[in-house]
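Working notes, beginning with the structure itself.
The values are calculated or read from the model by the stated rules, or taken from the named source; none is laboratory data. Since this is a predicted model, take the numbers as computed values, not measurements. Here the Cβ positions follow ideal geometry from the backbone for every residue, glycine too, while neighbour counts run over all protein chains shown.
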Amino acid sequence: MQTTNYTQEIIKELQRTADLMNDADIEKLVDGILDAKKVFVAGAGRSGLMAKSFAMRMMHVGLDPYVIGETITPQLEKDDIFIVGSGSGETKSLVSMTEKAKAIGATVAAVTISPDSTIGNLADITIQIPAQVKSGETTVETIQPMGSLFEQSLLLLYDSVILRFMDKKGLDSTTMYGRHANLE
């Protein structure tokens, strides 16, 4: 198979995955972000990288986002939202953070393959991305290794949430450039 054939198959997998996601759950996440004072994101490994890119776009649209673990991250408070991306929903460090966020009284949103996981069960908002868990246990067919389908879908979901937020706030890309980094 040629590299472009792999790319085409990955795109087909992403389309199938997107078709299975629940728009009403995603809309709850958009509304949760709109209602929050501050937005906190977390994820481990590649899911963490997707969370960082989501935080960057939220900053571009004028939100006050923070990435858990960064040195400038303030304390989470009751009026905030904590968004955690975890394929398994069982990553120990993320479970611990989610439990603490719940105890504080913040809104917790989980984006996961496994809504019945520990993190999924703790969340106020749960979005399921039907993809393969790293161990290979799945009913979802993919040619991709490990959690790639989840992680790619997570990035696309986060970008779609930004577009929906922009729609609700009447923003466009031009508005965002005013907040783009200028010391590059």
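Things worth noting here:
- For segment 131-148, residues that are farther than 18 Å from residue 46 by Cα and at pLDDT 85 or above total 0.
- Test: residue 165 is modelled with pLDDT of 90 or more, under 14 Å from residue 85 (Cα atoms) and either out of contact with any strand residue (DSSP E or B) (no Cβ under 9 Å at 6 or more places or on another chain) or assigned to a helix (DSSP H, G or I) (or both): no
- Filter pass, residue 50 being part of a helix (DSSP H, G or I) and in contact with a helix residue (DSSP H, G or I) (Cβ under 8 Å, 6 or more places away or on another chain): yes
- Test result for residue 90, of a type in the set (Asp, Glu) and at pLDDT 95 or above: yes
- Among (1) at pLDDT 90 or above; (2) in a helix (DSSP H, G or I); (3) of a type in the set (A, V, I, L, M), the one test that residue 176 misses: (1)
- The residue pairs whose first member lies in segment 162-174 and is closer than 15 Å to residue 32 by Cα and in contact (Cβ under 8 Å) with a residue 24 or more places away in the chain, whose second member is in a helix (DSSP H, G or I) and basic (Lys, Arg), and whose beta carbons are closer than 7 Å, counting only pairs six or more residues apart or on different chains, are 162/57.
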